[in-house]
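To start, the structure itself, in structure tokens.
The values are calculated or read from the model by the stated rules, or taken from the named source; none is laboratory data. All values derive from a computational prediction rather than experimental measurement. Note that we place each Cβ from the backbone using ideal geometry, even for glycine, and neighbour counts take in every protein chain shown.
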């Protein structure tokens, strides 16, 4: 009875409470916010059928204009101010399951319907998602007044800079307290790994540890920001975004020379190039006035797209794939927005329309590259003596031709552009594209090169291979038997590439060129006579008769033929006569072209800057405008993630309505504002601010309470603790072993890799292990083959870099343990580490182990840990003392280290390189 | 371990998993969300509601602390494991399964323009000649299945198999077609079928990888490791390549000079120090690392054990036609059976060398191709018989096929006849067979026209094959998604139909 009574009381109470809650929600008419209150309900329940993809019954909730428009029934579903006559509310509240929405899903709760009702009552206003609103100055949180407000504001002592205001405020809301600063040694290791990816250089480390002044930490931070290792560490982050690799991808996956771009990044980070310029150079360096080699190299950012060399592939298909990849990467990496879905239809959740994808694509669709084997256009960087020829040529052109003509010539010398790729030929008879890459002509050949602008051109420079003597190559205008423009007999190049120049009569306008080829020396109708690479129709070399003409012209020809060069794929736009139209692809299918579009940015975001050109340079200006809501937030969020392990908004790649909401939105905005306005886009200043905060400097040990309340450290009641990245794990192991090379820059290297990793068909490339210090370079210099990336780094969640990776997801697997336990790279590191312990740790084994621990973790080993490792040493020593063979194997070679003591220490060193605290940033 | 033991082990693991769940993401969200924000996050609480995950974009199956913990499928599947035998390079259906006597009559004639108009081929240019079947065919089994003389052993098991004779693709180059077949998209960057399955089901035998890849033929498939990659899924789900030469799994062998006892002692020491660190930091990731090191140690024994086929009795070696100490298809097939027996979920084989263009003798349809058939016939037959005799065929789905078919025309690369008899890549018709795992026996689905040029009925696509594989494992391919780039991605993208016609 008593029990029943209780139950009744409980039930009555619940009913009463529910009534109060419902009553309140119905009567209070609180202000409804679209983004926080309404949008989540719509995204969860409605948008799948009434959004950017499907518009059932002609009703879509994506844009206000759509939602208020008449739908298929002829009536609007939402009448602002009048929920009672709004069909949407009626349909949500019906009983008939055939009519009630959401169709075939559980009904919305009373509370949810109440929110929607109030929202319509209040005018059905749309709101803007936080990430799409320009960054505004954010006030610092205020602190609660002291007792009865009598003592004014109290700034907690814990706070060190403005970041901490936001973090502290949130901690208070979550009923959490921040923790004390980590000890010096821990801080030293943490900040060194975060800023430079490797342990601090000894001079910085020891001055910090011995400096007892207030500014010791600040000095350390500034010192680290100025080491060259800083640029290498942040480049490692950027390479994933740029999908940097040393091969072209797809089946052949041949080598690509693009390491100069990696080096450009290192330099840019090290000289703290402002981020707006950093982006502008990468997106549009080629469009800057008189671009330097560095400006060109920066544009390799968007030439890291894949090229398909497999025979028989449709070059236009893969060119298009590369352009689409540029669009997706630009949004995902640089503007934290998932744009890929707009390729096929309007964005299902976010305010981007289908055609806006293609308008944006139009910025990239006129890049010159055409999925060619040569990866054109390439920047040709000359070495001596060509580089001095280049300088002399430039000097001569200054005074012997117009600036415009000089620019054309210098561009051609540097890039061989704008040349026509022979693979554009068609209408083949006795001619073909060799391996679908180059035009070849046989005896009695005929083929066409469409729509070539000959206006004002009286010279043709072309690149070819021939195998036989003789042969007449004739160019006809407009039809196979049309007017002969020129007949020539290129000399037999005996199977190697050669440049040739022929004069052509001046002709007006654009023409289809028909090539014929006759060569009686070709025995079989199936033998190839001549193969073409590129055609460059131009004017003759200027200044004929002027002093110095002969040598200048000679330099010109020597330079364009030189192969003593470093090449880098770069971005360049088509000249007007090669302009490519851009069309919407219906449902994302590149073969089904819809309406033509011009370059533009999504209208929902900031307006395109007035007077800015509608090209990549204008696009960069738009992206780096202070009005752009996404660019600054994206980089701030990313840098935060690199340092704390998780972004302020966890989904770095998606700040939109489907991304995970930021934990500290005001802080993200505050830092973004600061980056653009106060730091003038300086990333070093931003990074410095973050690591100078008390939030960052906290101890990372967690109390039971904090761990329970905040297991993933979203609120920062403790310092960051995350596993190191693939590159950092390798670099750190080499560094503490004393074998890490500090050599910077240059072509990628081939450190030890197990056999049998590279077995690509039709490729034949092999992994030839580098020699000398190149085996011990930092991870970012390791040769990156897309279809077979360096396996040990892949085990630690490295990215294969086929497309942009906005965020590596950390995993914890047994295969990782096997890498650091057994990979020869780590075994070798353990050997050198043991030698170092012996050398620097005195004669006593415990001292040696302690020294090793100190070298690895920069702090004193605890007695318990020392005992564990010492016992391991003893067990190993016992075995090696009785086993000469194993001893020698463990040391690797029979040298002065070949003794049981050292072998046992190698085992201890191997264990140390595997400790959780070693592979983790504490 | 037997399957029963594995089931028991799984129950234990699940229990342990439950107990650790308080640190997982879902629980974190449950504990920490309050107020209206709860509504936005409420979607994460859908728990194991698969539909919920599709609509809201949370990747509910990924738990970074235990990414490989065993998980249940959406519904009980007919198959527990998959063995996918991919003949990389694309074998000719016209010399194996698709009997076309009419094509013989056209042998040597110019290809009619109607077959060439508007078509694109990888290498054929101009007007090629028709090429009649280069093998004799006969009918076998109760199903009266037509089969070529190139597969004499296989003729004895046709009554166990369902043939899909009208498979079509839209990719005529190897790498894109292989990617389409295994990742659902012709470009790099998507997760492979095995990665999806590992993501969805975890690993049954924690001492072995859940998704194993074996290659033979001297080369990797044309699309490289991307065909067993994890794409945008966490890299833990990528296929683990087991190798016959070098380490059976990369880095699995202890360094020279370190015996098992010493390795044990060193892992014990590492874990002891890590336990001390755990006491200090209370970071659950450390506990996870401790168990990963224990597992690594066990894998060091279990992987070489399972990779060692020498323990198999002589009659089994004879049955498969293995070759001692060689990286060959037969050895890999036997390994596949061993792995499946030990609870490995997805075994993917690639055998390279089927690209019979006729550009040299090895790639001639009447020379090299026959040798390739001989190198696989016995083993693939033995696999079916052996799985059957062990009672494993019922819940093991075996798939055999290439990435596309071959033309009924003789290839004339760049307009010239090739030196040997060969066929170009062909997208419009090819044959794939499946057996076991709830598939009909002695059945054939789909037909091509009388010269085998194009499919005319019962057409299926790579997406349909993927949908069917997922279905047999207990997944609705339309609902099995992963949130990436702001939208839920599926293996089958926006395509795919379960081929119900071949389901038993």
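Residues are listed down the side, and each one gets a yes or a no for (1) without any contact (Cβ under 8 Å) to a residue 24 or more places away in the chain; (2) surrounded by fewer than 20 Cβ atoms within 10 Å (Cβ to Cβ); (3) in a helix (DSSP H, G or I):
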position: A:846; (1), (2), (3): no, yes, yes
position: A:873; (1), (2), (3): no, no, yes
position: A:878; (1), (2), (3): yes, yes, yes
position: A:911; (1), (2), (3): no, no, yes
position: A:914; (1), (2), (3): no, no, no
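One line per residue, one yes/no per condition, for (1) buried (at least 21 other Cβ atoms within 10 Å of the Cβ); (2) within 30 Å of residue B:172 (Cα to Cα); (3) not assigned by TED's automatic domain parsing to the domain that holds residue A:804:
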{"residue": "A:297", "(1), (2), (3)": "yes, no, yes"}
{"residue": "A:304", "(1), (2), (3)": "yes, yes, yes"}
{"residue": "A:307", "(1), (2), (3)": "yes, yes, yes"}
{"residue": "A:310", "(1), (2), (3)": "yes, yes, yes"}
{"residue": "A:320", "(1), (2), (3)": "no, yes, yes"}
{"residue": "A:326", "(1), (2), (3)": "yes, yes, yes"}
{"residue": "A:347", "(1), (2), (3)": "yes, no, yes"}
{"residue": "A:368", "(1), (2), (3)": "yes, yes, yes"}
{"residue": "A:381", "(1), (2), (3)": "no, no, yes"}
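Residues being buried (at least 21 other Cβ atoms within 10 Å of the Cβ), within 11 Å of chain B (Cβ to nearest Cβ), in contact with a helix residue (DSSP H, G or I) (Cβ under 6 Å, 6 or more places away or on another chain) and not in a helix (DSSP H, G or I) are represented in region A:785-794 by at least one member. The residue that is nearest to residue B:157 (Cα to Cα), among those in region B:386-426 that are assigned to a loop (DSSP other than H, G, I, E, B) and in contact with a helix residue (DSSP H, G or I) (Cβ under 8 Å, 6 or more places away or on another chain), is B:393. Taking the listed residues A:240, A:253, the one that is within 14 Å of chain B (Cβ to nearest Cβ), in a helix (DSSP H, G or I), farther than 30 Å from residue A:410 by Cα and in contact (Cβ under 8 Å) with a residue 12 or more places away in the chain is A:240, with no other qualifying.
Sort through A:761, A:754 and tell me the only one that's touching a strand residue (DSSP E or B) at 6+ places or on another chain (Cβ under 7 Å), closer than 30 Å to residue B:215 by Cβ, within 11 Å of another protein chain (Cβ to nearest Cβ) and in a loop (DSSP other than H, G, I, E, B). It would help to see each step written out before you state the result.
On the way: A:754 fails: touching a strand residue (DSSP E or B) at 6+ places or on another chain (Cβ under 7 Å).
After applying the criteria, what remains is A:761.
Can you say whether residue B:200 is part of a helix (DSSP H, G or I), modelled with pLDDT of 95 or more and under 16 Å from the mean Cα position of the chain (by Cα), as far as the supplied structure shows? Answer is no for this residue. When you look at residue A:694, is it within 14 Å of another protein chain (Cβ to nearest Cβ) and surrounded by 19 or more Cβ atoms within 10 Å (Cβ to Cβ), yes or no? Judged against the criteria, residue A:694 is not a match. Selection of region A:816-841 for residues being outside any helix (DSSP H, G or I) and touching a residue at least 24 places away in the same chain (Cβ under 8 Å) yields only A:823. Within region B:208-267, the set of residues being within 7 Å of another protein chain (Cβ to nearest Cβ), part of a helix (DSSP H, G or I) and out of contact with any strand residue (DSSP E or B) (no Cβ under 8 Å at 6 or more places or on another chain) comprises B:224, B:226, B:235, B:236, B:262, B:265, B:266.
Could you list all residues from region A:840-881 that are farther than 27 Å from residue A:735 by Cβ and either at pLDDT below 95 or more than 12 Å from chain B (Cβ to nearest Cβ) (or both)? Residue satisfying the conditions is A:881 alone. Number of residues in region B:174-186 that are crowded, with 24+ Cβ neighbours inside 10 Å and not in a helix (DSSP H, G or I) equals 1. Among the residues of region A:61-72, those that are modelled with pLDDT of 85 or more and assigned to a loop (DSSP other than H, G, I, E, B) comprise A:69, A:71, A:72. Residues in region B:102-147 that are over 29 Å from residue A:316 (Cβ atoms), in contact with a strand residue (DSSP E or B) (Cβ under 8 Å, 6 or more places away or on another chain) and in a loop (DSSP other than H, G, I, E, B): B:106, B:107, B:108, B:109, B:131, B:133, B:135, B:136, B:143.
Counting only strands (runs of 3 or more DSSP E) that fall entirely inside region A:502-601 and contain at least 2 residues that are surrounded by 16 or more Cβ atoms within 10 Å (Cβ to Cβ), the qualifying elements are A:510-518, A:528-538, A:565-569, A:582-585.
Which of the following residues is in contact with a strand residue (DSSP E or B) (Cβ under 9 Å, 6 or more places away or on another chain), surrounded by 24 or more Cβ atoms within 10 Å (Cβ to Cβ) and more than 23 Å from residue A:234 (Cβ to Cβ): A:815, A:821?
Testing whether each residue is in contact with a strand residue (DSSP E or B) (Cβ under 9 Å, 6 or more places away or on another chain), surrounded by 24 or more Cβ atoms within 10 Å (Cβ to Cβ) and more than 23 Å from residue A:234 (Cβ to Cβ) leaves just A:815.
Restricting attention to region B:121-140 and to residues that are away from chain A (no Cβ under 14 Å) and in contact (Cβ under 8 Å) with a residue 24 or more places away in the chain, the residue that is farthest from residue B:106 (Cα to Cα) turns out to be B:137.
Taken as a whole, region B:274-296 holds at least one residue that is out of contact with any helix residue (DSSP H, G or I) (no Cβ under 6 Å at 6 or more places or on another chain), at the interface with chain A (Cβ under 7 Å from one of its Cβ atoms), without any contact (Cβ under 8 Å) to a residue 12 or more places away in the chain and part of a loop (DSSP other than H, G, I, E, B).
Going through region A:619-629 one residue at a time, which ones are in contact (Cβ under 8 Å) with a residue 40 or more places away in the chain and under 18 Å from residue A:302 (Cα atoms)? Answer for region A:619-629, where residues must be in contact (Cβ under 8 Å) with a residue 40 or more places away in the chain and under 18 Å from residue A:302 (Cα atoms): A:619, A:620, A:621, A:623, A:624.
Results for (1) within 12 Å of chain B (Cβ to nearest Cβ); (2) outside any strand (DSSP E or B); (3) surrounded by fewer than 19 Cβ atoms within 10 Å (Cβ to Cβ), shown as yes or no for each residue.
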{"site": "A:393", "(1), (2), (3)": "no, yes, no"}
{"site": "A:399", "(1), (2), (3)": "no, yes, yes"}
{"site": "A:444", "(1), (2), (3)": "no, no, yes"}
{"site": "A:449", "(1), (2), (3)": "no, no, no"}
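Looking at A:96, A:84 in this structure, which one is part of a helix (DSSP H, G or I), in the same structural domain as residue A:42 (by TED's automatic domain parsing) and without any contact (Cβ under 8 Å) to a residue 12 or more places away in the chain? None of the other options fit; the residue is A:84. Please tell me if residue B:292 is surrounded by fewer than 24 Cβ atoms within 10 Å (Cβ to Cβ) and within 28 Å of residue A:809 (Cα to Cα). Taking the combined requirement at face value, the residue satisfies it.
Hey, could you check region A:660-691 for residues that are within 14 Å of chain B (Cβ to nearest Cβ) and without any contact (Cβ under 8 Å) to a residue 24 or more places away in the chain and say which is farthest from the chain's Cα centre (by Cα)? Please lay out each step first, then the result.
So the first thing to find is which residues in region A:660-691 are within 14 Å of chain B (Cβ to nearest Cβ), and the list is A:660-665.
After this cut, where a residue has to be without any contact (Cβ under 8 Å) to a residue 24 or more places away in the chain as well, the list is A:660-661.
Working: A:660: 20, A:661: 22 Å.
Selected residue: A:661.
The residues of region B:161-190 that are more than 12 Å from chain A (Cβ to nearest Cβ) and out of contact with any strand residue (DSSP E or B) (no Cβ under 7 Å at 6 or more places or on another chain), listed by number, are B:169, B:180, B:181, B:182, B:184. Taken over region A:697-738, residues that are under 22 Å from residue A:164 (Cβ atoms), facing chain B (nearest Cβ under 10 Å) and not in a loop (DSSP other than H, G, I, E, B) amount to 4.
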